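Each value in this text was obtained by applying a stated rule to the coordinates, not by laboratory testing. None of the values given here were measured: they were computed from a predicted structure. A quick note on method: Cβ atoms are made from the backbone with ideal geometry, for glycine too, and the neighbour counts reach across all protein chains shown.
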Amino acid sequence: MAQPWKIIESIATEEGTLELRQRGEKDFLIMIGPQVLMNSLANRSEIVLGQLGCGHLFNSSAPRVLVGGLGMGFTLRAVLDALPASAQVIVAELNPVVPDWCRGPLAALTGSAASDPRVSVVIGDVAKLIRQNAVSGVENHFDAIVLDLYRGPHAKTDAVRDPLYGMRAIENARSALKPGGVLAVWGENHDEAFVRRLQKAGFKVSTERPGRGGLRHTVFLAQLGPSSKTGK
């Protein structure tokens with residue numbers, strides 16, 4: 001008989017109750033209301049997202065990376081493993097309890113990724129952070145932006161105004177990236193309209209669906225050319 005889930009902590013949010021649940025030693029869930037946001041035993045697409053988003057930076061000098069969404073830290077762990085010791089990684093997370101979970105009961109899952117000295121956690125909206133960096137000096141631009149949010153691009157995304165996946169948001173991301181920079185995005189399913197918007201903004205786009213069976217999520221990988229200009 002399967003062990004029952006234990007609620008480790010629950011927090012009221014505008015979208016519902018955010019909960020961390022545990023069953024056994026390494027089986028965790030993060031939920032909001034009845035929806036499962038993260039399952040510690042289902043993380044292959046998150047790991048591939050981090051690997052593809054930052055794999056080109058291992059030999060770079062002091063690369064700067066923005067990660068949107070912390071979750072259980074699997075994407076962050078993959079990002080860190082792909083980067084040199086000189087890297088700077090900024091993680092934007094909406095709820096301050098999530099970094100606490102990643103430094104506490106979830107830490108063993110990722111080798112304490114959230115406590116890595118290369119990591120700075122900012123509590124706030126990643127879309128706002130991208131907009132701010134898009135209009136700042138080039139020294140604040142990123143070599144990679146990795147978005148691992150529980151809602152990825154989908155068929156009902158507002159093609160213009162969506163704050164993360166609409167055309168304006170994509171243009172902001174382009175402006176916040178250095179030449180040759182990468183925008184890597186997790187999605188529950190493939191979204192061809194999102195691919196076309198990325199291409200329209202000047203990105204070279206590829207997609208991956210990690211795994212061989214069962215539910216396979218999508219990783220969108222969009223890269224600027226080495227001479228692409230940031231700014232609008």
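Tabulated results
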{"quantity": "Most mobile listed residue (P117, P179, P84) in the chain, GNM with C-alpha springs under 10 Å", "calculated": "P117"}
{"quantity": "Cα centroid of the stretch 73-112 to Cα centroid of the stretch 134-162, whole Å", "calculated": "19"}
{"quantity": "Neighbour count of at most 13 Cβ within 10 Å plus DSSP loop: longest GluC sites (Glu not before Pro)-free window in the chain", "calculated": "26-232"}
{"quantity": "Angle in degrees between helix 44-54 and the longest Cα principal axis of the chain, rounded to the nearest 10", "calculated": "30"}
{"quantity": "Cα-Cα over 25 Å, subset of K128/K178; K26/K128; K178/K204; K26/K156; K6/K128", "calculated": "K26/K128; K26/K156; K6/K128"}
{"quantity": "Helix-only mean residue ellipticity at 222 nm for the chain, each DSSP H run of n ≥ 4 adding -39500 (n - 2.57), per residue, nearest 500", "calculated": "-6500 deg cm²/dmol"}
{"quantity": "S115/D81 FRET efficiency (R0 22 Å; Cβ-Cβ; nearest 0.05)", "calculated": "0.90"}
{"quantity": "Share antiparallel - DSSP beta bridges, the chain, percent rounded to 5", "calculated": "60"}
{"quantity": "Exposed-site-free run, longest, the chain (rule: chymotrypsin sites (Phe, Trp or Tyr not before Pro); DSSP loop; at most 16 other C-beta within 10 Å)", "calculated": "59-149"}
{"quantity": "The chain - Rg over Rh from alpha carbon coordinates, Kirkwood radius", "calculated": "0.96"}
